[in-house]
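Engineer: Mind having a look at this structure? Questions to follow.
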């Protein structure tokens with residue numbers, strides 16, 4: 001009589017890992033920027049930037065300048081600032097530390113809580129890739145009682161490095177770029193998603209104007225968080 005051999009623990013573990021990887025690559029992921037996308041932190045960010053302006057040899061940001069910058073790309077704004085590239089990491093580090101102290105002032109974007117909860121309830125992989133510090137983001141999400149809904153929260157301090165971060169995260173979490181949305185309020189968020197072949201979603205309630213976002217050709221442009229659920233269904 002033939003007796004079927006039971007797989008060894010190693011074989012069983014390998015088969016389980018393979019099955020999990022296959023399931024993850026079929027999963028749909030929604031990855032968010034943070035500032036201006038999930039949290040309405042822009043007004044506080046300007047306050048912090050103006051406090052640091054003198055220290056880094058910059059002029060304070062005026063309301064008129066802010067309105068004009070909303071129509072410019074991130075690269076165009078950096079050119080206007082004329083800040084030496086070597087000083088940029090120090091500025092970002094100081095800015096992040098100062099901003100962390102103001103986290104209690106950040107309101108959640110209206111409708112974002114409901115959208116995140118529905119996406120989580122429908123089984124989407126949720127993540128955050130942000131220029132802000134991961135510690136600040138986690139503190140904010142904890143205060144909003146949303147911290148346990150996200151599979152990963154990653155900080156990307158390089159102003160133009162989000163595409164590489166998204167690729168690394170997709171590999172680390174066995175996710176398929178063709179089934180990923182990256183949601184952000186700046187032109188650089190759209191550029192990052194387009195470069196790594198994820199679907200780009202521009203949001204009009206954040207920093208860049210809808211005209212500026214459109215000029216960078218997002219796959220989707222939305223005016224309210226509730227629209228995310230319908231877009232995610234089409235992945």
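The values are calculated or read from the model by the stated rules, or taken from the named source; none is laboratory data. Note that the coordinates shown come from a computational prediction; the quantities given were computed from them, not determined experimentally. Every residue, glycine among them, receives a Cβ derived from its backbone with ideal geometry; neighbour counts consider all protein chains shown.
The rows are residues; the columns are (1) assigned by TED's automatic domain parsing to the domain that holds residue 213; (2) buried (at least 17 other Cβ atoms within 10 Å of the Cβ); (3) out of contact with any helix residue (DSSP H, G or I) (no Cβ under 6 Å at 6 or more places or on another chain).
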{"residue": "86", "(1), (2), (3)": "no, no, yes"}
{"residue": "93", "(1), (2), (3)": "no, no, yes"}
{"residue": "111", "(1), (2), (3)": "yes, no, yes"}
{"residue": "162", "(1), (2), (3)": "yes, yes, no"}
{"residue": "174", "(1), (2), (3)": "yes, no, no"}
{"residue": "189", "(1), (2), (3)": "yes, yes, yes"}
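Engineer: Kindly provide the set of residues from segment 111-150 that are touching a residue at least 60 places away in the same chain (Cβ under 8 Å), within 18 Å of residue 228 (Cβ to Cβ) and assigned to a loop (DSSP other than H, G, I, E, B), ordered by number.
Structural biologist: Hits for segment 111-150 are 111, 122, 123, 124.
Engineer: Next question. Out of the residues in segment 35-50 meeting the condition of being part of a helix (DSSP H, G or I) and surrounded by 13 or more Cβ atoms within 10 Å (Cβ to Cβ), tell me which one is nearest to the chain's Cα centre (by Cα).
Structural biologist: Within segment 35-50, the match that is nearest to the chain's Cα centre (by Cα) is 42.
Engineer: Might you check whether a residue that is farther than 30 Å from residue 92 by Cα and at pLDDT below 90 occurs anywhere in segment 26-33?
Structural biologist: For segment 26-33, residues farther than 30 Å from residue 92 by Cα and at pLDDT below 90: present.
Engineer: Here is a follow-up. Hey, can you tell me all the residues within segment 113-154 that are more than 20 Å from residue 177 (Cβ to Cβ) and surrounded by 18 or more Cβ atoms within 10 Å (Cβ to Cβ)?
Structural biologist: Answer for segment 113-154, where residues must be more than 20 Å from residue 177 (Cβ to Cβ) and surrounded by 18 or more Cβ atoms within 10 Å (Cβ to Cβ): 115, 116, 131, 132, 133, 136, 137, 140, 141, 146.
Engineer: Where residues in segment 95-109 are modelled with pLDDT of 85 or more and within 18 Å of the chain's Cα centre (by Cα), which of them is surrounded by the most Cβ atoms within 10 Å (Cβ to Cβ)?
Structural biologist: Filtering segment 95-109 for residues that are modelled with pLDDT of 85 or more and within 18 Å of the chain's Cα centre (by Cα), the one surrounded by the most Cβ atoms within 10 Å (Cβ to Cβ) comes out as 106.
Engineer: Still on this structure, I have one more. At pLDDT below 85 and outside the structural domain of residue 190 (by TED's automatic domain parsing), is that true of residue 20?
Structural biologist: So residue 20 passes the test.
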